[in-house]
Structure formats: C-alpha cells, structure tokens
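**Q** Here you go, one structure.
The values are calculated or read from the model by the stated rules, or taken from the named source; none is laboratory data. Because the structure is predicted, anything quoted here is derived from the model rather than measured. In this analysis, Cβ positions are derived from the backbone assuming ideal geometry, glycine residues included, and neighbour counts consider all displayed protein chains.
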Amino acid sequence: MHGPVVPGWLLVGLCAAAGASCLVRLAGCAGHARRAAAGEALMGFGMAAMGVPAAVLTPPPWLWAAYAVLFAAAAAPSLASLASPRTGRRTHGHVGHHLVGSLAMVYMAAVMALDGAAGAAHGAHGARSAVPGGLPLLTAGLLAYYAVYALRTGARLAPAGPVPGPGGGRAAATEVAPACRLAMALGMVAMLLAL
C-alpha cells in the first residue's frame, strides 16, 4: 500500500493482532462461529500482508493478483451461504459483511496489481496507473461502509453503565469478536485511504 512507513507498520501490527485473536477464537467455537473466525483470521493476516509499506517492500504485480484470487475464493462460501435458505436472518448480516470484506480485498489487490503493472511498464519513472486509487466512487463507497461499520461496532462495545470489575467472565469473552471486527474495519479504512 502507498503511504507513510510508520502508520503502515502500525496497520500491519493491528491487522496481525486481529488475525491472531481470530485464530485463538477459532479453537473454542464450532459451526458458523468457527467459519466466521477462520474467515476473519484470513482477512486479518491478508490485511497485514497487504499493509506492508511500499517503501519497505514492493511486491511484484503477480503477488497482488494472487491476493485477488485468494480473496475471491474466500468470498465464495459467503455467496453460497447468502443463497442458502438455511442461513438465519441474524447470520445473514454477518455473512454479508464477510462478503463485502472479501470483495473489498479483491478490489484493493486488483488496483495494486494494475498500479504495479503500470509502474513496471513505465520503467524507472515510477509512474502510477491512469486511475490511481482505483475507482473513486467505489473507493468512497467502501470507505463510507467501513467508517459506519466501525462507528456502529464501537458504539456497541462502549459500556452503557458501570464497567464490571475483574472476572467479567463470559461477557468479556463475547466482546473479543466485535473488538476484532472493529480493529479490522479501522484497518480497512486506513488501507482504502492509502490506496
């Protein structure tokens, strides 16, 4: 991704930590929750890999294309789940969010692949593609989606009353997944801005 090095590394750390948290969560759940945790772990680690600052490592265009293929494949189960009549209404929204996330990653990887190919085609000039940052309307739409998602998730996580003392127990454990999703939504906002 294009952008300053220090914020880029902070983004990498945030996304890797979110991915690791999802892997830990994966061990303690089953069914839809397990699939969701696996998808979120993939998303977190994929975002961490894509977030490495271009000043440190400039991946070849084929690697961006591989990211696009990987996340297109990750979108397939979400599409199948949305089409299934067995998917409950509550699950539908979460599956839809996974689908938007996977397709946003496909979009960003495709933009970076085209950008890298255009830069390679122009040699040492380091020229960028004809449409840097992708399609402005699509990028703005994704930015709006993730900003609203982050605000809504953050508002749900904010305590409404007195904060429970140590040993919050199960209530604290159930807040890990939304906190992980909030971190990744903020990471998506940062990545889209750096696009």
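**Q** Please go through region 3-21 and give me each residue that is at pLDDT below 90 and either under 19 Å from residue 78 (Cβ atoms) or surrounded by fewer than 14 Cβ atoms within 10 Å (Cβ to Cβ) (or both), ordered by number.
**A** 4, 5, 6
**Q** So, in region 22-59, of the ones that are farther than 23 Å from residue 107 by Cα and aliphatic (A, V, I, L, M), which residue ends up modelled with the lowest pLDDT?
**A** My answer is 33.
**Q** Taking region 22-51, which residues are over 14 Å from the mean Cα position of the chain (by Cα) and farther than 18 Å from residue 78 by Cα?
**A** 23, 24, 25, 27, 28, 29
**Q** Can you name the residue in region 115-164 that is on the phi > 0 side of the Ramachandran plot and surrounded by 15 or more Cβ atoms within 10 Å (Cβ to Cβ) and, of all such residues, is modelled with the highest pLDDT?
**A** Result: 134.
**Q** Go through (1) touching a Lys or Arg at 6+ places or on another chain (Cβ under 7 Å); (2) more than 15 Å from residue 183 (Cβ to Cβ) for residue 28 and report which single condition fails.
**A** (1)
**Q** Here's a follow-up. Only one of 27, 41 is of a type in the set (A, V, I, L, M, F, W, C) and touching a Cys at 6+ places or on another chain (Cβ under 9 Å). Can you tell me which?
**A** The match here is 41.
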